[in-house]
Structures are given as C-alpha cells and as structure tokens.
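Shown next, in structure tokens, is the structure this report addresses.
The values are calculated or read from the model by the stated rules, or taken from the named source; none is laboratory data. Every value quoted in this text rests on a predicted model; they were computed, and no experiment measured them. Every residue, glycine as well, gets a Cβ built from its backbone with ideal geometry; the counts of neighbours run over all protein chains shown. Each accessible area value is taken on the protein alone, full model and side chains, heavy atoms only, with ligands, DNA and RNA left out. Shrake-Rupley method; radii C 1.70, N 1.55, O 1.52, S 1.80 Å.
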Amino acid sequence: MREQGARLPFGLAEVNGPSMVPTLYHGDQLLIRYGGQVRAGDVVVVRHPLQQDLLIVKRAVERRDGGWWVLGDNPFAESDSRMFGAVPDELLVARVLGRFRPPRGLRRSVTAAVGWAASAVRPVPARRVKAR
C-alpha cells in the first residue's frame, strides 16, 4: 500500500499473504478509511510494531494497555499480537471498509461472470472476537 503526502480520507490497499483467510485472501483489494474510530472486531491496517515500514492487515480484537490487540483471522498465521504484543494507537493507519476480489482466470460464460460479480465486492464487517 502506498501512502500519499496529502492524505485523502479513503485509500486502497492490497492483501499480501494468508493471515486473514477466510475473510480476506492474497490479492484482494481493500477500500480503507484513514482515521476514524476503531471498535473491537474491525479489520484494520496497522504499521508492524517491529518493522514500521511494513503495513499489515489484522482484526482489532480488544483494547489493552499500550494499544490494540490485533489478530489474523487465520489461526495458523502467527504474525500478530501473539508475536509482538499490543499495537500502539499511533501505529493504527486505517479501518477496512470493503474488499474487491479480482477475477481468477478467464470467465468463459455469462453465468460464471455473474457468479464472480456477485461475490467480488463485499463490505468487510466487524465481528465479535475473543482474544486467543
């Protein structure tokens, strides 16, 4: 994801890796909103606390001392707060509003194209989560 000097309230990001499967998949495009209030269950973009030039997408699970506890939806991917602890508020970049799943392969029929279109654009809603 690229950040711009004059920040607009909305931006785009791309998912890289499997940490948010089954909610988000590698290659999904995300509509994000910079700033705004984050609630437990929201999917967020944060700066990695140990490598701040790296942006990661995780689910905000709960507020703790020192910031947000964030987890990937894929329990087998461990690059989240279980590894680096709570993410300070100043490392929170944006909240994810929706995703666009690009087509995989060539659509040869109208039915296949309509099926893809019906599932390609979706909001990414918050959900209730428990810290692991």
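One table, with the values for the structure above:
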| read-out | value |
| --- | --- |
| Order of exposure, largest accessible area first, which applies to Ile32, Ile56 with probe 1.4 Å | Ile56, Ile32 |
| Å² of accessible area per residue within the chain, as computed with a 1.4 Å probe and no ligands counted | 60 |
| Size of charge dipole - the range 48-132 - debye, nearest 20, with Cβ of Lys, Arg +1 and Asp, Glu -1, no other charges | 660 |
| Value of [θ]222 nm, deg cm²/dmol, for the chain, DSSP H segments ≥ 4, -39500 (n - 2.57) each, nearest 500 | -3000 deg cm²/dmol |
| Exposure of Glu14 as accessible area (Å², to 10), given a probe of 1.4 Å and all protein chains | 110 |
| Relative packing of peptides 66-73, 36-43 - highest average C-beta neighbours within 10 Å first | 66-73, 36-43 |
| Largest to smallest accessible area among Phe76, Phe100, Phe10, Phe84 [probe 1.4 Å] | Phe76, Phe10, Phe100, Phe84 |
| Computed label-point distance, nm, for sites Leu97 and Ala113 using a 7 Å Cα→Cβ extension | 2.8 |
| Listed residues Met20, Met83 arranged by accessible area, highest first, probe 1.4 Å | Met83, Met20 |
| Percent accessible area from carbon and sulfur atoms, the range 55-108, protein chains only, probe 1.4 Å | 52 |
| Charge tally in the Cβ shell below 14 Å around Gly17, where Lys, Arg are +1 and Asp, Glu are -1, Gly17 excluded | -4 |
| Angle in degrees between helix 110-120 and the longest Cα principal axis of the chain, rounded to the nearest 10 | 10 |
| Label corresponding to volume of the Cα convex hull per residue in Å³ when calculated from the structure given, among [x] 141; [y] 103; [z] 119 | [z] |
